[in-house]
Amino acid sequence: MTATDTHRAIDAVWRIESPRLIAGLARIVRDIGVAEDLAQDALVAALEQWPVSGIPDNPGAWLMATAKHRAIDHLRRNQRLVGKHEEIGRELEARQERGAQEIEAALDDEVGDDLLRLVFTACHPVLSAEARVALTLRMLGGLTTEEIARAFLVAEPTIAQRIVRAKRTLADKKVPFEVPRGSELAARLSSVLEVIYLIFNEGYAATAGDDWTRPALCEDALRLGRILAELAPQEPEVHGLVALMEIQTSRLRARVGPAGQPILLPDQNRALWDQLLIRRGLAALERAQKLGGANGPYALQAGIAACHARARTAAETDWAQIAGLYTALAHVTPSPVIDLNRAVAVAMAFGPAAGLELVDALTAEPALANYHLLPSVRGDFLNKLGRLAEARAEFERAASLARNARERDLLLDRARECGASSGTGTPASKSR
């Protein structure tokens, strides 16, 4: 394996392992910033040693063991700094011994709720809403500042500053590393749900990079959602979000072809959909509805996903019902992106001309100025209407705005199809 291959492997391992690593360390050192620094130290050690010694059989365990030693050294340094009195020294020594044991347990426990503690700590009310989301995506999602900036349509330095300030604020305010209870849990739940939702979306359709999906992120988000559902069983929106993630995750295997190319919803082999996850999702949606949360934003999105899951073929999809659910969702959480999705549903239910009329009304929306799916959807509708030259231009514009390599290739392929077509067009308005 070349040095380049080794570094790529290290990057992949880091993406998967860093959230658990940081979460386990944070429970011990009680400082997210310090925990991330210790984890980064382990990464640096891997970058130095693995190209020479080779990648370990269990690279995640290697990183955890290395980070554990760094954390123990950190505790010992702190003990020396503050151990001025014999009594305090004895207490610190006892705490250090307990801390070392806790580190062992935390870093060896793959099923514990350290990740959940990290989410709630990063979502503490002492931080602004924007900082909570950015910090948690960085800590748990393993996303780069560039990817987070893309998700929020803001400048990368702005996100970097939010993350640095957030970690400093948590340390200065001595925010406890714990899952809140009672009224405090309810107050912070909305922010946590938003964070989990964004992590899942990044895994389901990566904003950048060479991969169309990042299943590990979906798995982390789904796991966190399931734990939340156990912690807050009477919260309908928790079950709504879990339902949405279960159903969407059921399609992951069918969303990518043998060569990693995207496969859009109408073209997917539905035999590959995970029926167990679909059943779990429908059951979670039913729980949300029984708790009075049928019109919550996550439950409504889960309802849309359920319409697709219940259809045995793409032709059987109830697009009129989906359009109605998007209308209800737009009332609950107004957003031009929701309006764009509604336009797709309207086009599928009532024809591309009806969809194009809605999309044309969105072209002046500032928030969608650089959103690649706007010209992509418009290209779909124009293509169906036989306006191929216009459709090709829209697909090319969409490709120029797309940051994901797989998605860019797909859009360019569709542009070429328009150019090569004699005028009958190709299937359009395909859902992700």
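So which helices (runs of 4 or more DSSP H) are wholly in segment 118-184 and hold at least 3 residues that are modelled with pLDDT of 85 or more?
129-139, 156-172
Taking interchain pairs and intrachain pairs at least six residues apart, which have beta carbon atoms under 6 angstrom, with the first residue in segment 119-133 and touching a residue at least 40 places away in the same chain (Cβ under 8 Å) and the second open to solvent by 50 Å² or more (accessible area, probe 1.4 Å)?
Taking only residues 6 or more apart or on different chains, the pairs are Val126/Lys173.
Which of (1) closer than 30 Å to Leu265 by Cα; (2) part of a helix (DSSP H, G or I) does Asp211 not meet, given it meets every other one?
Every listed condition holds for Asp211 apart from (2).
Select, from Val34, Val82, the only residue that is of a type in the set (Val, Ile, Thr), more than 21 Å from the chain's Cα centre (by Cα) and at pLDDT 80 or above.
Numbers: Val82 fails: at pLDDT 80 or above.
Unique residue meeting the criteria: Val34.
Please enumerate the residues belonging to segment 402-425 that are out of contact with any strand residue (DSSP E or B) (no Cβ under 6 Å at 6 or more places or on another chain) and surrounded by 18 or more Cβ atoms within 10 Å (Cβ to Cβ).
Ala402, Asn404, Glu407, Leu411, Arg414, Ala415, Cys418, Gly425
For every residue, the table says whether it meets (1) of a type in the set (S, T, N, Q); (2) without any contact (Cβ under 8 Å) to a residue 24 or more places away in the chain; (3) crowded, with 23+ Cβ neighbours inside 10 Å; (4) over 18 Å from Ala216 (Cα atoms).
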site: Glu235; (1), (2), (3), (4): no, no, no, yes
site: Pro258; (1), (2), (3), (4): no, yes, no, yes
site: Arg280; (1), (2), (3), (4): no, no, no, yes
site: Arg287; (1), (2), (3), (4): no, no, no, yes
site: Ala299; (1), (2), (3), (4): no, no, yes, yes
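Of the conditions (1) open to solvent by 10 Å² or more (accessible area, probe 1.4 Å); (2) under 28 Å from Asp31 (Cα atoms); (3) at pLDDT below 90, Thr207 clears all except one; give me its number.
For Thr207, the exception is condition (2).
Across segment 244-281, what is the number of residues that are among the small types (Gly, Ala, Ser) and either at pLDDT 95 or above or part of a helix (DSSP H, G or I) (or both)? Spell out the reasoning first.
So in segment 244-281, the residues among the small types (Gly, Ala, Ser) come out as 250, 254, 257, 259-260, 271, 281.
Applying the additional criterion that residues be either at pLDDT 95 or above or part of a helix (DSSP H, G or I) (or both) yields 250, 254, 271, 281.
Here the count works out to 4.
For segment 1-54, how many residues meet the condition of being open to solvent by 60 Å² or more (accessible area, probe 1.4 Å) and not in a helix (DSSP H, G or I)?
So the count comes out to 3.
The values are calculated or read from the model by the stated rules, or taken from the named source; none is laboratory data. Source: prediction; values computed, not measured. In this analysis, Cβ positions are derived from the backbone assuming ideal geometry, glycine residues included, and neighbour counts consider all displayed protein chains. Heavy atoms of the whole protein, side chains included, go into the accessibility calculation; ligands, DNA and RNA do not. Shrake-Rupley method; radii C 1.70, N 1.55, O 1.52, S 1.80 Å.
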